[in-house]
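Working notes for the structure below.
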Amino acid sequence: MDPQIETDAAEIAARAERELEALVGISSPSGDVDGAEEAIAVCGALLPPEAEIERVPCSTAGFAPDLIATIVGDGERRLMLLGHIDTVIGHGAHASLRRDGERLYGPGTADMKGGVVLSLGVARALARRPERFAELAVLLVCDEEWRTVQFAHVERFAGFDACLCFEAGERSPGGDDAVVVRRKAAGTLRLTAAGRAAHSGSAPDKGHNALLALAQAALELSKLHDPSGPDRLSVVPTVMRSGEALNVVPAAGELLLDMRADRIEAFEGPLAAVPERIDGATLSATMARRWPGMDSREQTSGLLERASVLLGRRIVGAGRGGASDASHFASSIGLTVDGLGPLGGGAHTPEEFVLSESLAQRAQVALALAETALTDG
């Protein structure tokens, strides 16, 4: 392994658990302004002192401003480190960081406060060698887990030489360090139903049941689920809301379906398949979210090979079904690599964790990729 990478990674890992404890100790569910501000303040304190910090409008109205930290160097290439500080777990289920053997448990440890801690450590290490870059940027957003609007930051970073995103890491089936170079597109299909209310005891058949209409639509649309098909399309009903009283035929309701596919165009099939009416209830369908996929396998193959030499062990590209902000940058930043965070599991659950021993390992991977991207891509 390159001696500088080994030294820098050890320094990052020596601080990482304490920094992760501080960040996880803040409950910052997506949309909570106070939690986001507190988390951003911690991140700002962990950035290198040379960083110029901006607070820029979040993509989602009403959320706390995002953070952009910039360090100007004397080199030629521009690198962006990407992450988010919002979590899925709400205040009621929040808990402080706890250790159980090699596992560090806590909301957002894997998705993605553990990755944020590593990204800030990488920024500090690189900042000590400004001759290596023209510009080093850190982007931390506050709405990744619940964004349904257009992402606001693509134009700002268009033309950067590389984007490294610190979502949770993984290993290949053969045990190699893996990074994410392919992601599915993500879409949220929203159905609303307008029926007719009626007394569910004395006159149930005078109503048009919005709940039943949405349930039937969910079953029909689920038949389009085809993860082994040409587009690897998944169609999964995730949320249904309907009804206001136990003795009234529901007159309105909402159904959400999460969809993933290799091509964003594949979502048009389920959208077009929604019927206009079911048993007297009128259905309307819209796409509440459209996130692009990413496929940087070809562009990053040489990068991974050269970084493997610096690392002294193999780095391989992998695919992942979950969405990430890295996908928004892949079309304008050719060297876009994701999954640089620590190894862990249980994302979006109260049992979320990262492995403490992976903090140093994944810091080494990130540093090797950053150094290679700044050298020759």
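Mind listing whichever residues of region 84-119 are outside any loop (DSSP other than H, G, I, E, B) and either more than 17 Å from the chain's Cα centre (by Cα) or outside the structural domain of I12 (by TED's automatic domain parsing) (or both)? Lay out the reasoning, then the answer.
First pass over region 84-119, keeping only residues outside any loop (DSSP other than H, G, I, E, B): 84, 87, 91-93, 98-100, 103-105, 109-119.
H91, G92, A93, R98, R99, D100, R103, L104, Y105 - these are the residues of region 84-119 that are outside any loop (DSSP other than H, G, I, E, B) and either more than 17 Å from the chain's Cα centre (by Cα) or outside the structural domain of I12 (by TED's automatic domain parsing) (or both).
Under the condition of being modelled with pLDDT of 95 or more and within 18 Å of M259 (Cα to Cα), which residue from region 276-293 is surrounded by the most Cβ atoms within 10 Å (Cβ to Cβ)?
Once the filter is applied, the top-ranked residue is A285.
Please give the strands (runs of 3 or more DSSP E) falling wholly within region 171-260 in which 3 or more residues are under 30 Å from S308 (Cβ atoms), touching a strand residue (DSSP E or B) at 6+ places or on another chain (Cβ under 7 Å) and assigned by TED's automatic domain parsing to the domain that holds L340.
Here the list reads 177-183.
Would you mind telling me which numbered condition in (1) free of Cβ contacts under 8 Å to residues at least 60 places away in the same chain; (2) touching an Asp or Glu at 6+ places or on another chain (Cβ under 9 Å); (3) assigned to a loop (DSSP other than H, G, I, E, B); (4) not aliphatic (A, V, I, L, M) G35 fails?
Here G35 meets the rest and fails (3).
Being over 18 Å from the mean Cα position of the chain (by Cα) and under 24 Å from C43 (Cα atoms) is the filter here, so list the residues in region 129-154 that pass it.
R129, P130, R132, F133, A134, E135, L136, A137
Taking only region 331-359 into account, find how many residues are within 26 Å of G302 (Cβ to Cβ), of a type outside the set (S, T, N, Q) and at pLDDT 95 or above.
Within region 331-359, the first condition is being within 26 Å of G302 (Cβ to Cβ), and the residues that meet it are 331-343, 358.
Now narrow it down to the ones that are of a type outside the set (S, T, N, Q): 333-335, 337-343.
From what is left, the residues that are at pLDDT 95 or above are 333, 335, 337-343.
Number satisfying all stated conditions: 9.
Quick grid of which residues meet (1) within 30 Å of G101 (Cβ to Cβ); (2) charged (D, E, K, R); (3) in contact (Cβ under 8 Å) with a residue 12 or more places away in the chain:
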{"position": "E276", "(1), (2), (3)": "no, yes, no"}
{"position": "D279", "(1), (2), (3)": "no, yes, yes"}
{"position": "T286", "(1), (2), (3)": "no, no, yes"}
{"position": "E298", "(1), (2), (3)": "no, yes, no"}
{"position": "R314", "(1), (2), (3)": "yes, yes, yes"}
{"position": "A318", "(1), (2), (3)": "yes, no, yes"}
{"position": "S324", "(1), (2), (3)": "yes, no, yes"}
{"position": "F329", "(1), (2), (3)": "no, no, yes"}
{"position": "A347", "(1), (2), (3)": "yes, no, yes"}
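Determine whether region 218-234 contains at least one residue that is charged (D, E, K, R) and at positive phi.
First, pick out the residues of region 218-234 that are charged (D, E, K, R): 220, 223, 226, 231-232.
Among the residues that remain, those that are also at positive phi are: 232.
Yes.
Quickly run through region 163-180 and pick out the residues that are crowded, with 19+ Cβ neighbours inside 10 Å and at positive phi.
Within region 163-180, none qualify.
Might you let me know whether region 245-253 holds any residue that is under 31 Å from the mean Cα position of the chain (by Cα) and exposed (fewer than 14 other Cβ atoms within 10 Å of the Cβ)?
Step one: of region 245-253, the residues under 31 Å from the mean Cα position of the chain (by Cα) are 253.
Next cut, exposed (fewer than 14 other Cβ atoms within 10 Å of the Cβ) only: none.
There is no residue in region 245-253 that is under 31 Å from the mean Cα position of the chain (by Cα) and exposed (fewer than 14 other Cβ atoms within 10 Å of the Cβ).
Tell me, which residue of region 16-39 that is closer than 24 Å to S358 by Cα and among the hydrophobic types (A, V, I, L, M, F, W, C) is surrounded by the most Cβ atoms within 10 Å (Cβ to Cβ)?
It comes out as A39.
V88 is checked against (1) surrounded by fewer than 19 Cβ atoms within 10 Å (Cβ to Cβ); (2) more than 25 Å from R290 (Cβ to Cβ) and fails just one. What number does that condition carry?
The one condition V88 does not meet is (2).
Taking region 181-197, which residues are in contact with a Gly (Cβ under 7 Å, 6 or more places away or on another chain) and surrounded by 22 or more Cβ atoms within 10 Å (Cβ to Cβ)?
V181, R183, K184, A185, A193, G195, listed by residue number.
With respect to L283, is the statement that it is touching a helix residue (DSSP H, G or I) at 6+ places or on another chain (Cβ under 8 Å), not charged (D, E, K, R) and not in a helix (DSSP H, G or I) true? Quick ask: steps written out before the conclusion?
Details: touching a helix residue (DSSP H, G or I) at 6+ places or on another chain (Cβ under 8 Å): yes; not charged (D, E, K, R): yes; not in a helix (DSSP H, G or I): yes.
Taking the combined requirement at face value, the residue satisfies it.
Exactly one of these conditions fails for I71: (1) buried (at least 18 other Cβ atoms within 10 Å of the Cβ); (2) closer than 27 Å to R362 by Cα; (3) under 21 Å from the mean Cα position of the chain (by Cα). Give me its number.
It fails just one condition, (3).
Only one of (1) within 21 Å of the chain's Cα centre (by Cα); (2) assigned to a loop (DSSP other than H, G, I, E, B); (3) surrounded by fewer than 19 Cβ atoms within 10 Å (Cβ to Cβ) fails for S324. Which number is that?
(3)
Do we find that E155 is touching a residue at least 60 places away in the same chain (Cβ under 8 Å) and not in a strand (DSSP E or B) in this structure? Give the derivation first.
On the way: touching a residue at least 60 places away in the same chain (Cβ under 8 Å): no; not in a strand (DSSP E or B): yes.
In short, no.
The values are calculated or read from the model by the stated rules, or taken from the named source; none is laboratory data. Since we're looking at a predicted model, the values are computed, not measured. Virtual Cβ from ideal backbone geometry, glycine too; neighbours counted across all protein chains shown.
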